[in-house]
1. Using 7 Å Cα-to-Cβ label points, what is the Lys46/Ile262 separation (nm, one decimal)?
2. Which percent, to the nearest 5, of DSSP beta bridges fully inside region 1-149 are antiparallel?
3. Would you mind listing how long region 204-298 runs along its three principal axes, going by Cα atoms, in whole Å with the largest first?
4. Report the extension gain between Asp128 and Glu168 in nm, rounded to one decimal, defined as 0.36 nm multiplied by the number of residues separating them, less their alpha carbon distance.
5. Would you kindly derive the ³J(HN,Hα) couplings of region 215-222 from the backbone phi angles with the Karplus curve 6.51 cos²θ - 1.76 cosθ + 1.60 (θ = phi - 60°), listing them in order in whole Hz, with x for Gly and Pro?
6. In the chain, once you exclude exposed GluC sites (Glu not before Pro) (DSSP loop, at most 13 other Cβ within 10 angstrom), what's the longest stretch remaining?
7. Taking every pair of Cα atoms in region 121-299, average 1/r, invert it to obtain the Kirkwood radius, and report Rg/Rh to two decimals.
8. Please report, in debye to the nearest 20, how large the charge dipole of region 119-193 is about its Cα centre when each Lys and Arg carries +1 at its beta carbon and each Asp and Glu carries -1 there.
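Nothing in this text is a laboratory measurement; each read-out follows from the coordinates by a stated rule. These figures come from a predicted structure and were not determined experimentally. No Cβ is skipped: glycine too gets one built from the backbone with ideal geometry, and neighbour counts run over all protein chains shown.
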Amino acid sequence: MRIASIDIGTNTIRLLICEQTGEGALKKLYIDRVITRLGEGFSDDKALLNPKAVDRSLAALKGFSKRIREHNVNNVRAVATSVVRKAKNSLEFVKRVKDETGIRVEVISGALEAELAVAGVLNAVSIDTEHCVIFDIGGGSTEYIYVQNGEIIELVSINLGVVHLSEEFLKEQTQSEKEIAGLSLKIREALDKELRGFEIKLKGKLSLVATAGTPTTLAAIELGLSEYKPELVNNFMLTKEMIASILEKLIKIPTKDRANVIGLERGREDIIIPGTLILLETLKKFSSTRVIVSDGGVLEGIARSLIN
């Protein structure tokens, strides 16, 4: 059986086509992603998807629909997350996707998004502790999931999205120390407020696992990958020192020139800064000096939901 999963995020839309080769086993046949910045210009006040951003996203999904047909896929599941979840015109967007691409989109809750992320991560990385916190740094929100022995104990979706933070705090081509400090403070305050319920007593035996574009990009930069290689990025251990060093390097480079940094995907030049700050503040929050990078996340979780 061939299956396809689609993750429609605030910044990136991703496609994974797999073949089930045995009980619970998946072989990846095709993977693609397009940065469409669907959440561009989105604000909680207006709560509307930008028409141009919608058009870019529809163009990407039309291409994905063609690939799905070419691979003779039997079952497709497409989910939309943070920005579509919040948008007043989400139903209109979902209808246009169905009418123009044939793809049915399911708008999922933050809780379900977190569950899918856990399923994708736990099948991608090796965790050798009883306790772990998995966090998914998205364009419109960041999900934190406390997992014990593979079971979800607690989860929370925080309104910390790299697209929104970039548009609100980092509007210029270069960032001042004051801007960086202000953004760091906002992130720290949000984590302190929203993660109060995470009752994790064994911090010394806690694994942190980060998924989505920010951690994988930082791993690619640290590894010096001119071409992204999931097998090298997955399970890579990012240390606090590595992250801080990359951040120091990036903020010295004007936004428009950051695409020249080896490992930094074009389209992430602005959002890599708030994402990196979320990573650093999360490490501080859990008194950790390192984080495991997972190439697997929501997209892989969606795929596993189709065979489970």
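1. For the pair Lys46/Ile262, the computed spacing is 4.1 nm.
2. Working: 24 of 33 bridges.
In region 1-149, approximately 75 percent of DSSP beta bridges are antiparallel ones.
3. Ordered largest first, region 204-298 gives principal extents of 40, 27, 22 Å.
4. Details: separation 40, 0.36 × 40 = 14.40 nm, distance 3.83 nm.
Length gained between Asp128 and Glu168: 10.6 nm.
5. After applying 6.51 cos²θ - 1.76 cosθ + 1.60, I find x, 5, 5, 5, 5, 5, 5, 4 Hz.
6. Details: sites that count: Glu23, Glu130, Glu172, Glu199, Glu227.
That gives 24-129 as the longest site-free run.
7. Values: Rg = 15.4 Å, Rh = 16.3 Å.
When Rh is taken as the Kirkwood radius, the ratio is 0.94.
8. Numbers: 5 positive and 13 negative charges, 43 e Å.
Computed charge dipole of region 119-193: roughly 200 debye.
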